[in-house]
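The structure appears right after this line, and notes come after that.
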Amino acid sequence: MQAKITVTETWLRKHRHLYDGATRHPFIRSIRDGNINISAFKTWLGQDYIFVRAFVPFVASVLTKAYKGSDDGNGDVEVILGGVAALHDEISWFKKEAFKWGVQLSSIVPQKANQEYCRFLESLIGPEVEYTVAAVAFWAIETIYQQSFAHCLEDDSKTPPELKETCQRWGNESFGEYCNSLWNIVDRQLEKASDDVITKAEATLLRVLEHEVDFWNMSHGRT
Ligand SMILES: Cc1ncc(CN)c(N)n1
């Protein structure tokens, strides 16, 4: 018997072009090919630190929604709590890495693409946004980084040794498993969602993909 195709699989097939644009962006390719411009890397580092700080309240809101909105026999809260803990480490890592590269985090001004992405995250925090919709955004945001940086660690990659740790941060197997747990959450939620929520969730996925591409563009100096 053929396995039933999930809503997320349908979306990924339908939006493959945009998805690949986010996970195989020229910025990521330049890390993988070993010809990354270090000033672009430093721009990304400083801007992403600001993004991650704004990401924390968003993830906390997903955690609250999971607690209130899912019949949590499935352990959604624990998975998302793991994500909050990982973000705590991520913030410490950004500080350490910024010091290493001589990036002054206190003087970073968020660029337009970053501001718009952070504003989008804020728009998903309120109680009027369904758990399913917020969970789709969360899953997509984490998975795009996982897939992008894992690409830089493949056997034939020429990622510079000094950037390997950065790629490991999101490209490692356990982050991959965590993303799969988020994917399971999303699939379970979508299975019981109304058509209206599914439509909103798909639109949210598209917005995330666009914001991620804009974020890479900004880091790559294309804005
Ligand atoms: C822009 C962006 N997207 C995703 C992630 C992964 N938490 C991140 N750090 N920054």
In degrees, nearest 10, the alpha-carbon axis of helix 173-191 is tilted away from the dominant principal axis of the alpha carbons of the chain by 30 degrees
Which of the residue pairs Lys42/Lys158; Lys65/Lys164; Lys100/Lys158 have a Cα-Cα distance greater than 28 Å in the structure shown? Lys65/Lys164
The stretch 146-155 - phi-based ³J(HN,Hα) in whole Hz, Karplus 6.51/-1.76/1.60, Gly and Pro as x: 4, 5, 5, 6, 5, 4, 6, 10, 5, 3
Set Lys68/Lys96; Lys4/Lys112; Lys4/Lys68 screened for pairs whose C-alpha atoms are more than 32 Å apart: Lys68/Lys96; Lys4/Lys112
How much space per residue, in cubic angstrom, does the convex hull of the C-alpha atoms of the chain take up? 131 Å³
Out of the stretch 156-202, which trypsin sites (Lys or Arg not before Pro) are coil in DSSP terms and have no more than 15 other C-beta atoms within 10 Å? Lys158, Lys192
Would you look at the GNM of the chain, springs on alpha carbons closer than 10 Å, and say which of Trp44, Trp139, Trp101 moves the most? Trp101
Radius of gyration and maximum dimension Dmax of the stretch 184-223, Cα, Å: 14.2, 42
Taking Rh as the Kirkwood radius computed over C-alpha pairs, what is the Stokes-Einstein D of the stretch 68-117 at 37 °C in a medium of viscosity 0.692 mPa s, expressed in µm² per second? 239 µm²/s
Could you list, by residue number, the cysteines of the chain that have no other cysteine's beta carbon within less than 4.7 Å of their beta carbon? Cys118, Cys179
Mind pulling the angle between the C-alpha long axis of helix 38-69 and the longest principal axis of the chain? Nearest 10 degrees, somewhere in 0 to 90. 20 degrees
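Throughout, read-outs are computed from the coordinates displayed, never taken from laboratory work. Values in this document were obtained by computation on a predicted structure and should not be read as measured data. Here the Cβ is made from the backbone with ideal geometry for all residues, glycine too, and neighbour counts use every protein chain on show.
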